[in-house]
1. Kindly list the number of the only condition in (1) closer than 21 Å to residue 201 by Cα; (2) surrounded by fewer than 14 Cβ atoms within 10 Å (Cβ to Cβ) that fails for residue 80.
2. Six or more apart or on different chains, Cβ under 7 Å: which pairs go from a residue in region 66-89 that's over 24 Å from residue 155 (Cβ atoms) to one that's of a type in the set (Lys, Arg)? Could you list them?
3. Return the total of residues in region 124-170 being farther than 23 Å from residue 79 by Cβ, β-branched (Val, Ile, Thr) and part of a helix (DSSP H, G or I).
4. From the list 211, 224, which one is under 20 Å from residue 128 (Cβ atoms) and modelled with pLDDT of 90 or more?
5. Specify which of the listed residues (81, 21) is closer than 30 Å to residue 186 by Cβ and not basic (Lys, Arg).
6. How do the helices (runs of 4 or more DSSP H) wholly within region 1-102 filter down when requiring 2 or more residues that are over 19 Å from residue 253 (Cα atoms) and of a type in the set (Ser, Thr, Tyr): which remain?
7. Give the residue, chosen from 174, 121, that is of a type outside the set (Ser, Thr, Tyr), surrounded by fewer than 18 Cβ atoms within 10 Å (Cβ to Cβ) and over 27 Å from the mean Cα position of the chain (by Cα).
8. Taking residue 40 and the conditions (1) among the aliphatic types (A, V, I, L, M); (2) open to solvent by less than 40 Å² (accessible area, probe 1.4 Å); (3) more than 29 Å from residue 219 (Cα to Cα), which numbered condition does it fall short on, given that it satisfies the others?
Amino acid sequence: MTIRKTGTILLYFILTVAGLVMIYPLIWMFSATFKTNSEIFGSISLFTKYPVTDGYQNLFSNYGGNINILGAMRNTLLIIVPKIFFTLVSGVMTAYGFSRFNFRGKKILFAFLIFTLFIPDSVMMIPQFIMFNRFGWIDSPVYTALIVPSLFAFEGYFIFMLVQFMKGIPNELDEAAKIDGCESWQILFHVICPLLRPALASCAVFQFIWTSNDYMGPLLYVNTPSRYPLSVFVKLSMDADSGFQWNKVLAVSLVSVIPSLIVFFLSQKVFTDGIVSGAVKQ
């Protein structure tokens, strides 16, 4: 066996071991849904001597306000779908302006945009809550406080990634489209957007995962239990009055992460292409 083949085998062995170590917590969480509380805290083994299914039997239990896991998943989708759509539309238009047009104060505005990436969310919570409360957006049935900010390119990271990607698209394509009589908006939607598919897919996946995992936003702006998304429903499954039934909590947590895992694995290739393409300026 050559040194090259030995090195390849060793590399794959190390990567396999590292992959198993990283995925072990998820596998353990699945196995723990069939354990009792004593077994969960008494061992880290994947196997159980006395498997139970009450965690899944209680998975669809209702909590205050007639909220169950199916209703929470529906509420999560009602937030995620419009938020992704508005994020992509506003992000593409804003990035197009920064990457293709020259105007006074462009560098300063872009610097402020990058600066917002370093502002912790906790700093913005109180002023945002006061402003949204004055607008009457708190506990809106259409989740106005959670969705409307995405109309105004609220996520600076997406703008930065799309700008870097657009800078890699040759300006000659724009000039050729102008010669054919295309306006600026036609160039954006018919020339640039088709080339942005990997970056747009990356933005959509990021927004899907971030919104799915967002806990503080719904906790602040949603007061009606029947409107809670999955992130808050997981916390509701921890019933402190009757004691934590951890196999049920883990079952709810497992179901809540499955959509994100499915979306990520289905879009893994285009997601990776978007990250790589946006990081390299041609």
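1. Condition (2) is where residue 80 drops out.
2. Final answer for the pair search is none.
3. Counting residues in region 124-170 that are farther than 23 Å from residue 79 by Cβ, β-branched (Val, Ile, Thr) and part of a helix (DSSP H, G or I) gives 1.
4. Values: 224 fails: modelled with pLDDT of 90 or more.
It is 211.
5. Working: 21 fails: closer than 30 Å to residue 186 by Cβ.
Every option except 81 fails the conditions.
6. Details: elements: 3-32, 37-42, 54-57, 69-100.
So the answer is 3-32, 69-100.
7. 174
8. Unmet for residue 40, out of (1) among the aliphatic types (A, V, I, L, M); (2) open to solvent by less than 40 Å² (accessible area, probe 1.4 Å); (3) more than 29 Å from residue 219 (Cα to Cα): (3).
The values are calculated or read from the model by the stated rules, or taken from the named source; none is laboratory data. From a predicted model like this one, the values you see are computed outputs, not experimental measurements. Ideal geometry is used to build each Cβ from the backbone, glycine not excepted, and the neighbour counts take in all protein chains shown. Ligands, DNA and RNA are stripped out before the accessible areas are found, and what is left, the full protein with its side chains, is counted by its heavy atoms. Shrake-Rupley method; radii C 1.70, N 1.55, O 1.52, S 1.80 Å.
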